[in-house]
Amino acid sequence: MPDSHSQSSAAQPSAARPRLKSRGYAHAARDLRRELGQQLPRPALRQLHQKSPGRHFAIVVRQFLLLFACGALSWKVSSGWVWIPAAILEGFTLFNFTVLLHEQVHEAIFEGRHPRVMRWLGHLYAFPSGISASQFTRWHLDHHDNLGSDDEDPKRAHLSPKRNARWYKLLYLTPALFPIYFRAARRETATYEPELRRAVSRERAWTMGAHVAIAAALWWWGGAGVLSRVYLVPYFLVFPVAFTLNRLGQHYRIDPADPRHWSTRVDGNRIWHFLFLYSNFHLEHHYFPRVPFYHLAELNQLLRPYFEEHGIESHGYFEILEDWFVHNRPPHQNWDRPRDSSTAALS
């Protein structure tokens, strides 16, 4: 992946130059890194960093089987008692391909380097959610490098809601999420170097074209009912809920004054581990980005004494939803503190 710092050139027009970012998280988390290095046993950490391609691809196969099984069940059975649960599971499975893409971005699949295979896997994992693998890679790595920044972290700068209003937050749970996300991605992509922008445009065009073809084929062969059950409901109604719920458990309930707390701890349970492919362990991931997702539950156990020492409590998704909607908490703030008058007011 081209690096924005190395690709900038004085010969480029100012509008075409990639924006240089400070990558300030490494400095902000310096004490955190030192503490983790001193307090955690290195043999255990080395073991958790070990990658198992067999385990990774076994989960990939399972996800594809779930995707096709849910789709086939929704195609064959029109009873709501059957197809609605299948559509819900299908929607979460579609979202989880972004988790697999996340593993590819952090090179958490193979022990060695396999650039061609990794590029192919990036496109494969990006396809179900209709995004560009190249855009997601730059977007996500910039997020890691600039965590804590209001304007240099692309997720916080462009995707987090700028209105602390319940009606606006609810849009993220609906099909409105797609224009919201793609508008955010477009704004950030405009800061990339021309070569990367062209790659993002190509990938997005063929991905969207393929999705339109799939929807047309479902309508042609199965009619409007099959199209709705197999594609429209999982993709446009369930996927936004899975995406938003997962994101709420990442960086919305934090302590801005302490980099140890710049992600939210969500221990979850086996159901959430299955539904989100262990991506509920987002705090642990930011501590150790190259630990494969199937080791994150073990990493969580290893970090429990550190969490207790520094007062890092686990929060459940329903608790987070209550704070987000009922109490109308603003994103990226300390929700344990009393709300001020602006956030307490009903929106």
How much length would be gained if the chain were fully extended between Ala58 and Arg202, taking 0.36 nm per residue of separation minus their Cα-Cα distance, in nm to one decimal? 48.8 nm
Please arrange Asp151, Asp323 by counting, for each residue, the other beta carbons lying within 10 Å of its beta carbon, fewest first. Asp151, Asp323
Ranking of Leu232, Leu227 by count of other Cβ atoms within 10 Å, fewest first: Leu232, Leu227
Counting other Cβ atoms within 10 Å, which chymotrypsin sites (Phe, Trp or Tyr not before Pro) in the range 146-215 have at most 13 and lie in a DSSP loop? none
Could you please rank Ser134, Ser314, placing first whichever residue has the fewest other Cβ atoms within 10 Å of its Cβ? Ser314, Ser134
What percent does the relative contact order of the range 110-207 come to when contacts are Cα pairs within less than 8 Å and at least six residues apart? 32 percent
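Values quoted throughout were computed directly from the atomic coordinates according to the rules given, and no laboratory measurement underlies them. Just so it is clear, the structure is predicted and the values come from calculations on it, not from any experiment. Every residue, glycine among them, receives a Cβ derived from its backbone with ideal geometry; neighbour counts consider all protein chains shown.
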